[in-house]
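Student: This is the structure I have questions about; it appears just below.
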Amino acid sequence: MPLLLGIETSCDECSASVVDHRPGAGLEVRSLVTHSQVAIHRPYGGVVPEIASRNHLETVNETIDRCLADASVAPAGLDAIAVTNRPGLVGALLVGVAAAKAIAYATGKPLVPVHHLEGHAASVFLQPEAAAKAAYPMLIAIVSGGHTNLHVARAAPELWPPDFLARSLVGRSIDDAAGEAFDKTAKVLGFPYPGGAWIEKAAAGGDPSAFRLPRGLQGRATLDFSFSGLKTAVALQAASLRKSGQLEARLADLCASIQEAIVDALVSKIARATRENGCASVALVGGVSANRRLRARLEAELGPAPLLFPSPEHCTDNAAMIAAAGAFRFRQGHFPRGRDMLLVNAIANPEA
Ligand code: KG4
Ligand code: ZN
């Protein structure tokens, strides 16, 4: 205890989860139900915001019902309801926020609005083996389809301040996110959306140094990233290979080179941010953290600082991480009181 229901609808996953926060003993995921819209958006090559909102509206109640049933918890048995209210597709966020608000209103339980990235940052604490290795300061690298952010957590998540994300930020992508770079280059090569896992699969057996591709902002003092040049370089390379009829034969080499360019950029800055901030552990979270080449290269580069990952189902968007971040906020009393919860709104912008 306390027992939290988490709801996540910021993009193309409609997810609900019941998480038990046992201070001193960690977090226990009692249930997690995720309805993925990936197949629905695939024909369009990316997420269509209006289709996402409408699908959330059709699936959110069923997802929450199944999640509560799986955890054998009635709404009245919850201690609080946590919901992603920013950032994301605003129409998609509104569905989760309205559903969470209705449950909070009907049960009289507190509503805890959660920043999606704080959820990703908290995801590593859902994994007991990772949580046991946590040491501070901790570098948290959030590498997803929408963000590439480096944060330094100076204390355990139970002590994070309400403006934790803004205060802890030490580096970020100035344009495309790492996952976006995977997705855009995958699209150029004709792979389905989302492309990260496809590139990883196609890279197997390829030569990562076959093609020289840009590593934006590499060798500069900044801890920021830039991935936008990669798509253009890959498009030009793919066009030339296509013209000479070699694309198919060189696909593994090209995919391995794309993966290496993204991994190089991530590993060098994550390792430097770790050293410069004297971090005692590193958490790699978000969808791209599922990439095995990234995990292996980072592990080799970091030396003694332990590397922490969420379990695979908590890497990509899910409501367990939202319930976890919500639990840490709930414990500290960082949530609106009484009727103020009715003012909680959906916010598209990550800085808001
Ligand atoms: O965290 P996430 O589910 O959603 C956002 O909050 O954006 O991350 C999705 C991203 C996509 O860009 C996807 O291509 C990428 O994670 N991804 C991967 C892998 N699995 C998912 N990228 C590289 N290698 C993978 N194995
Ligand atoms: Zn995410």
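Student: Give the long-range amide H neighbours of Asp207: residues separated by 5 or more places, or on another chain, with amide H under 5 Å away, using H modelled in the peptide plane at 1.01 Å from N.
Tutor: Counting only residues 5 or more places away or on other chains, the set is Asp253.
Student: Using the Karplus equation 6.51 cos²θ - 1.76 cosθ + 1.60 (θ = phi - 60°), what ³J(HN,Hα) coupling, rounded to whole Hz, does each residue of region 37-42 give in order, writing x for Gly and Pro?
Tutor: These are the phi-based 3J(HN,Hα) values: 9, 3, 5, 5, 8, 3 Hz.
Student: Would you mind counting up the charge near Asp20? Only other residues with Cβ under 10 Å from its Cβ, with Lys and Arg at +1 and Asp and Glu at -1.
Tutor: Net local charge, Asp20 excluded: 0.
Student: Can you tell me the FRET efficiency between Ala239 and Glu351 if r is taken as the Cβ-Cβ distance and R0 is 41 Å, rounded to the nearest 0.05?
Tutor: Efficiency, from the Cβ-Cβ distance: 0.65.
Student: Go through region 141-157 residue by residue and turn each phi into a ³J(HN,Hα) via Karplus (6.51, -1.76, 1.60, θ = phi - 60°); whole Hz please, and just put x for glycine and proline.
Tutor: 9, 9, 10, 9, x, x, 9, 9, 10, 10, 10, 10, 8, 8, 8, 4, x
Student: All other residues with a Cβ under 15 Å from the Cβ of Pro192 taken together, and with Lys, Arg as +1 and Asp, Glu as -1, what is their net charge?
Tutor: +1
Student: May I pose another question? For the chain, what is the mean residue ellipticity at 222 nm derived from helices alone (per DSSP H run of n ≥ 4: -39500 (n - 2.57); sum divided by total residues; nearest 500 deg cm²/dmol)?
Tutor: Roughly -13500 deg cm²/dmol at 222 nm, from the helical runs in the chain.
Student: Full-extension gain between Arg54 and Ala210, please, as 0.36 nm times their residue separation minus the C-alpha to C-alpha distance.
Tutor: This chain segment gains 51.8 nm when fully extended.
Student: Here is a further query. Relative contact order for region 40-171: what percent, with Cα pairs under 8 Å and sequence separation of 6 or more?
Tutor: 17
Student: Who wins for biggest fluctuation among Gly286, Gly26, Gly179 in a Gaussian network model of the chain, springs between alpha carbons below 10 Å?
Tutor: Highest fluctuation among the options: Gly26.
Student: Still on this model: In region 214-265, which trypsin sites (Lys or Arg not before Pro) fall in coil by DSSP and have 15 or fewer other Cβ atoms within 10 Å?
Tutor: Answer by residue number: Arg220.
Student: A further question on this structure: Name all residues of region 190-214 having a backbone nitrogen under 14 Å from the label point set 7 Å from the Cα of Asp175 along its Cα→Cβ direction, giving them as ranges.
Tutor: Counting backbone N atoms under 14 Å from the label point, the list is 214.
Student: Here's something else I'd like to know. Once the other residues with Cβ under 15 Å from the Cβ of Pro137 are scored (Lys, Arg +1; Asp, Glu -1), what is the net sum?
Tutor: Within the 15 Å Cβ shell, the charges total +4.
Student: Let me ask something else about it. Under 8 Å for C-alpha pairs, at least 6 residues apart: give me the relative contact order for the chain, rounded to a whole percent.
Tutor: Reported relative contact order: 25 percent.
Student: Can I ask one more? For Val170, what residues show an amide H to amide H distance below 5 Å, using hydrogens built from the backbone and excluding near sequence neighbours?
Tutor: Counting only residues 5 or more places away or on other chains, the set is Leu150, His151, Val152.
Student: Which cross-chain or sequence-distant (5 or more) residues have an amide H under 5 Å from the amide H of Asn345, H modelled 1.01 Å from N in plane?
Tutor: Under 5 Å from the amide H of Asn345: no residue qualifies.
Student: Relative to the present Cα-Cα distance, how much length would full extension add between Gln218 and Glu62 at 0.36 nm per residue of separation?
Tutor: Using 0.36 nm per residue and subtracting the Cα-Cα distance, I get 51.5 nm.
Student: Which entries in Lys133/Lys269; Lys133/Lys231; Lys101/Lys184; Lys101/Lys133; Lys109/Lys133; Lys133/Lys187 show an alpha-carbon gap greater than 28 Å?
Tutor: Lys133/Lys231; Lys101/Lys184; Lys101/Lys133; Lys109/Lys133; Lys133/Lys187
Student: Identify which of Leu32, Leu294, Leu247 has the largest mean-square fluctuation in a Gaussian network model of the chain, with springs joining Cα atoms closer than 10 Å.
Tutor: Judging by the Gaussian network model, the answer is Leu247.
Student: Take peptides 80-92, 314-326 and line them up by average Cβ neighbours within 10 Å, highest first, as a rough protection proxy.
Tutor: 314-326, 80-92
Student: With springs only between Cα atoms under 10 Å, which of Val114, Val263, Val124 fluctuates most in a Gaussian network model of the chain?
Tutor: Of Val114, Val263, Val124, the Gaussian network model singles out Val263 as fluctuating most.
Student: Additional query: Each residue of region 328-342 in order: what ³J(HN,Hα) in whole Hz does its phi give by Karplus 6.51 cos²θ - 1.76 cosθ + 1.60, θ = phi - 60°, with x for Gly and Pro?
Tutor: Each residue's phi maps through the Karplus curve to give 5, 5, 4, 4, 8, x, 8, 7, x, 9, x, 6, 4, 5, 5 Hz.
Coordinate-derived values only; no laboratory data. Keep in mind it's a predicted model, so treat the numbers as computed, not measured. Note that we place each Cβ from the backbone using ideal geometry, even for glycine, and neighbour counts take in every protein chain shown.
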